[in-house]
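Just so it is clear, none of the values below were taken in a lab; they were calculated from the coordinates. Computed from a predicted structure; not experimentally measured. All Cβ positions, glycine included, derive from the backbone under ideal geometry; neighbour counts span all protein chains shown.
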Amino acid sequence: MSASVHYAGGNCVSRCAQWNEHQQQKQQEVDTMKAQLEEAQRRQDQLREAARQEGFGGSVSDPD
């Protein structure tokens, strides 16, 4: 999704401000989703470690 963010260049003629505002909103959504993904991965790592410490095998704690 971040590859779809494209700001209007200096040669923009019409509705440039609206276009750039929309692109900024898209960028903010991307940043929010990245932060959510990082948090989910951190939580998953914590759960895997907790399962490992409880004595569950690798197939439960690390399916990769």
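Descriptive notes on the structure:
- Computed from label points 7 Å out along Cα-Cβ, the spacing between Phe56 and Ala35 is 2.9 nm.
- Computed from backbone phi, the HN-Hα couplings of the stretch 5-19 come to 8, 9, 7, 5, x, x, 8, 5, 10, 10, 6, 5, 5, 5, 4 Hz, rounded to whole numbers (Karplus: 6.51 cos²θ - 1.76 cosθ + 1.60, θ = phi - 60°; Gly and Pro given as x).
- Sequence-distant residues sharing a close amide H with Ala8 (under 5 Å, placed H): Asn20
- Gyration tensor over alpha-carbon atoms, the chain, equivalent ellipsoid semi-axes in Å: 44, 9, 5
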